[in-house]
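Asker: The structure follows.
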Amino acid sequence: MAKKKAEEKINLDSILFKCRDILRAARNSGSFFEKRDMMLTLVFLRFIGEKFEDGVENLRQQLRDQGLDPDNEEIFKAFFDDATFTDGTYNLPIEARWSTIINTPAPGLNVALDTALHSIATSSKQLKGCFVEGTFTTRNLAPNDIKKLIDEVNKISHKAFGEEKDLIGRVYEYFLKEFAVNATKEEGEYYTPHDVVQLIAAMIEPFDGTLYDPCCGSGGMFIQSAELVKAKRGDISRINVYGQEKEPATYRLAKMNLALRGISHNLGDEADSSFTHDLHRGIYYDYIMANPPFNLKGWYDENLKNDYRWADYTTPPESNANTAWILHILSHLRANKGVAGFLLANGALGDSDTVEIRKKLIQNDKVEAIIILPRELFITTDISVTLWILNQNKKGGDYHSRTLRNREHEILFMDLRTWTENPVKNESKKKVRLTTEQIERAAEIYHTWQGEGIDGTDYAIPELYRSVGIAEIEQNGWSLIPSKYIEFIDHDLEIDFPAEMQRIQQEMREVLAQEKESQKMLEEAFRGIGYGIE
């Protein structure tokens with residue numbers, strides 16, 4: 001009974017915690033990034049192996065349904081020797097299957113793992129470049145250490161953790177949180193929580209066409225958007241994703257993540273900076289979703305001084321890349337059609353050194369909505385962030401079965417900072433999440449404001465949202481800080497002070513009367529037993 005109870009407590013974080021401790025204690029396990037790469041590669045092998053096993057079992061069942069015996073030698077040769085799957089599952093050679101790896105004796109595991117990676121890379125164009133071959137023999141963990149690691153990873157299963165929307169991305173997030181909190185804060189590298197991606201997708205509705213992320217990380221934005229597309233439209237082939245990632249290990253992770261899920265993608269031929277080497281220059285997209293590194297420093301290069309992306313504005317400040325991200329994203333939005341939703345640190349709303357850029361963005365009618373999000377949404381930071389929505393067409397027309405009104409020179413401001421009533425359990429720091437109902441409510445506010453029949457001069461609920469015209473924004477020095485526009489009620493003004501004072505005075509009289517009565521009863525009690533009261 002005790003054993004069963006212990007098994008019930010096993011969760012993804014507890015498995016990863018054990019893996020972290022094994023790697024920390026292991027000799028020659030390398031830097032944080034090398035530890036992370038090893039873990040992510042192992043999870044990849046586990047994931048692709050489990051998908052293959054499921055694919056084989058599904059194929060066997062299909063044959064049985066057709067009255068065929070999958071164990072018949074001829075049938076087996078015809079269908080399993082070179083199996084093809086229609087759901088993105090990869091046919092793995094024997095040496096690359098998880099069943100082979102998990103049954104390899106401990107002394108041979110490092111070689112077996114690198115053999116599996118080489119076999120996959122040579123047999124699949126889509127998976128080539130997703131990992132560094134030779135990872136495990138280079139590190140050469142002791143047999144006992146690599147065996148313990150494999151046994152823990154073997155517990156990570158989509159059957160056991162089906163609620164995980166992006167399992168590889170969740171592992172990536174865990175190692176960001178547990179291994180390199182300080183390093184990731186310096187680089188501004190944060191995994192975007194599922195609920196935040198849902199909010200962005202619910203706002204801009206990237207259901208078909210092309211989707212771009214200039215800092216795609218582990219590909220989680222694409223994966224979770226694809227899940228929404230499948231839920232809404234049922235066909236992820238309706239959308240093609242493009243992205244770029246600077247960090248080589250994360251670039252490989254994104255490639256493996258997308259390939260495993262059968263999502264059509266173009267991440268360029270290499271990992272590189274979207275600023276200094278834009279791999280998709282000259283391509284324009286229907287939708288852009290992004291979570292750029294917050295307040296990124298060291299982004300600037302002297303060659304960017306007169307870059308085409310800010311030719312119509314001014315060169316963004318070198319101090320951080322927030323405004324540069326806005327202009328980069330805008331440069332890739334399809335003319336008269338493209339919509340972008342992305343996150344930035346709140347400083348971008350009112351920084352004094354970016355006033356001229358902000359002014360021109362507003363005058364050019366590129367900014368459609370500014371939504372301040374609750375704090376504590378991210379595990380790896382408690383920084384307050386804003387969701388920006390840019391739109392290349394605020395003139396109205398048809399959009400995803402909705403008829404939109406003309407919203408020129410209007411911006412919708414929303415403040416969701418009070419939506420913090422949903423704490424996430426089992427986290428080492430405070431974290432909240434947005435519920436499905438809250439996401440739908442925020443999207444409804446935005447979509448209603450866009451729609452026909454709405455008066456933009458009178459669309460507001462105090463302390464939540466307000467539509468604002470360009471004249472008022474100019475009066476506020478081109479600031480996009482929502483609190484300058486949304487009405488905040490001074491609840492003290494609602495108090496009837498004379499009546500409140502009478503109530504307090506009456507309560508005080510009652511308390512004093514009670515105290516007198518208690519004192520009188522106490523004196524009588526003492527006199528009754530022969531004591532006087534001074």
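Each value in this text was obtained by applying a stated rule to the coordinates, not by laboratory testing. It should be emphasised that the depicted structure is a prediction, and the values quoted were computed from it without experimental measurement.
Asker: Can you list residues whose amide H is under 5 Å from Ala369's amide H, if they're 5+ apart or on another chain and H is modeled 1.01 Å from N?
Answerer: When sequence neighbours closer than 5 places are left aside, the close amide H contacts are Ile389, Leu412.
Asker: Apply the Karplus parameterisation 6.51 cos²θ - 1.76 cosθ + 1.60, with θ equal to phi minus 60°, to every residue of segment 390-395 and state each ³J(HN,Hα) to the nearest whole Hz, in sequence, with x for glycine and proline.
Answerer: Ordered by residue, 3J(HN,Hα) equals 9, 9, 7, 9, 9, 7 Hz.
Asker: Kirkwood Rh over Cα pairs of segment 207-355 into Stokes-Einstein at 10 °C, 1.306 mPa s: D in µm²/s? Walk me through the intermediate numbers first.
Answerer: On the way: Rh = 15.9 Å.
Answer, rounded: 100 µm²/s.
Asker: Would you mind checking which residues have amide H under 5 Å from Tyr212's amide H? H placed 1.01 Å from N; only 5 or more apart, or other chain.
Answerer: Tyr242, Tyr287, Ile288, Met289
Asker: Looking at segment 351-397 from every direction and averaging, what is the projected area of its Cα convex hull in nm²? Don't skip to the end; give the middle numbers.
Answerer: Working: hull surface 18.8 nm².
Computing the convex hull of the Cα atoms and averaging its projections yields 4.7 nm².
Asker: Additional query: If amide H atoms are built 1.01 Å from N in the plane of the peptide, which residues on other chains or at least 5 residues away come under 5 Å of the amide H of Val385?
Answerer: Leu373
Asker: For segment 256-341, compute the orientation-averaged projected area of the C-alpha convex hull (one quarter of its surface), in nm².
Answerer: Spelled out: convex hull of the Cα atoms, projected over all directions, averaged, 6.6 nm².
Asker: Sticking with this one: Which values of log₁₀ I(q)/I(0), to two decimal places, follow from the Debye formula for segment 9-163 at q = 0.09, 0.10, 0.17 Å⁻¹ with a uniform point scatterer at every Cα?
Answerer: For segment 9-163 at q = 0.09, 0.10, 0.17 Å⁻¹, log10 I(q)/I(0) is -0.33, -0.40, -1.01.
Asker: Here's another thing I want to ask about it. Could you give each residue of segment 343-357 its phi-based ³J(HN,Hα) in whole Hz, using Karplus coefficients 6.51, -1.76, 1.60 with θ = phi - 60°, and x for Gly or Pro?
Answerer: 9, 9, 5, 4, x, 5, 6, x, 4, 5, 7, 10, 4, 5, 5
Asker: Further, regarding this structure: Please compute P(r) over all alpha-carbon pairs of segment 186-484, binned at 5 Å starting from zero, and give each bin as a whole-number percent.
Answerer: All Cα pairs considered, the percentages come to 1, 5, 12, 17, 20, 18, 15, 8, 4, 1, 0.
Asker: Turning to a different aspect of this structure: In vacuum, with every alpha carbon of segment 221-296 counted as one equal point scatterer, what does the Debye formula give for log10 I(q)/I(0) at q = 0.18 Å⁻¹? Two decimals, please.
Answerer: Per q value, in the given order, log10 I(q)/I(0) is -0.79.
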